[in-house]
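Notes to accompany the following structure.
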Amino acid sequence: MNERQATEEAFHDEWAKGMDPAEVLVKESFEAVTALENKYVLSQIGKLEGKRILELGCGAGEGSVYFAIHGAEAVATDISGGMIQVVKEVAKHHGTQVEALKMTAEKIDFPDQSFDVVY
């Protein structure tokens, strides 16, 4: 891990400490009137059910949890172990499961063709 990545990880680990999984706005991130970008993303992905989706830089995991709620097999990755723990807690709060892995976007440890969508 280089210095920039270590700084980014430390920043997001600290941010994760103050997060309440019950307050992460999963549904609103995709369905609120102000969620135009994610509404567009959903229009391009189409039906979520049965798709395998990789979320890079997942943060609190709003995307991965939303996808999992709607039937996708979601894999969330982030540079921050703290954020990965938040994703697991957010998924649990919403009654779903997300595979959450600490990983940088620069080195994705999956074979080619592993996912239907990368978000």
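For Cα pairs less than 8 Å apart in space and 6+ apart in sequence, what is the mean separation divided by the residue count of the chain, i.e. the relative contact order in percent? Show your work: numbers first, answer last.
Working: 199 pairs, mean separation 33.1, N = 119.
Reported as a whole number, the value is 28 percent.
Using the charge dipole of the chain (Lys, Arg: +1 at Cβ; Asp, Glu: -1 at Cβ; taken about the Cα centre), state which of Val24, Gln113, Met103 has its Cα farthest towards the positive end.
Checked the options; the winner is Gln113.
How large is log10 of I(q)/I(0) for region 2-119 at q = 0.20 Å⁻¹ when the intensity is taken from the Debye formula with one equal scatterer per alpha-carbon?
Result of the Debye calculation: -1.10.
Stokes-Einstein D for region 6-47 at 37 °C, 0.692 mPa s, Kirkwood Rh over Cα pairs, in µm²/s?
264 µm²/s
Only four residue types carry charge here, +1 at the Cβ of Lys and Arg and -1 at the Cβ of Asp and Glu. Report the dipole size of region 7-119 about the Cα centre in Debye, rounded to the nearest 20.
Dipole about the Cα centre, nearest 20: 340 debye.
First select every other residue whose beta carbon is under 12 angstrom from the beta carbon of Ala10; then total the charges, Lys and Arg +1, Asp and Glu -1.
Net local charge, Ala10 excluded: -3.
Residues with beta-carbon under 14 Å from that of Asn38, excluding Asn38: net charge, scoring Lys, Arg +1 and Asp, Glu -1?
Spelling it out: positives minus negatives among the neighbours equals -3.
Stretched out fully, how many nm does the piece from Gln113 to His70 gain, at 0.36 nm a residue minus the Cα gap?
Gain in length upon complete extension: 13.3 nm.
Okay, which of region 54-86 sit inside 11 Å, backbone N to the point 7 Å along the Cα-Cβ direction of Glu31?
Output list for this probe position: 70.
Go through region 97-110 residue by residue and turn each phi into a ³J(HN,Hα) via Karplus (6.51, -1.76, 1.60, θ = phi - 60°); whole Hz please, and just put x for glycine and proline.
In residue order, the calculated couplings are 10, 9, 6, 10, 10, 7, 6, 8, 5, 6, 9, 8, 8, 9 Hz.
Roughly speaking, what is the centre-to-centre gap between region 25-55 and region 69-111 when only Cα atoms are used, to the nearest Å?
16 Å
Per-residue accessible area for Arg52 at 1.4 Å probe radius, Å² rounded to 10?
About 60 Å², ignoring ligands and nucleic acids.
The values are calculated or read from the model by the stated rules, or taken from the named source; none is laboratory data. Since we're looking at a predicted model, the values are computed, not measured. We place every Cβ from the backbone using ideal geometry, glycine too, and count neighbours over all the protein chains shown. Remember, those area values only see protein heavy atoms, side chains included, never the ligands or the DNA or RNA. Shrake-Rupley method; radii C 1.70, N 1.55, O 1.52, S 1.80 Å.
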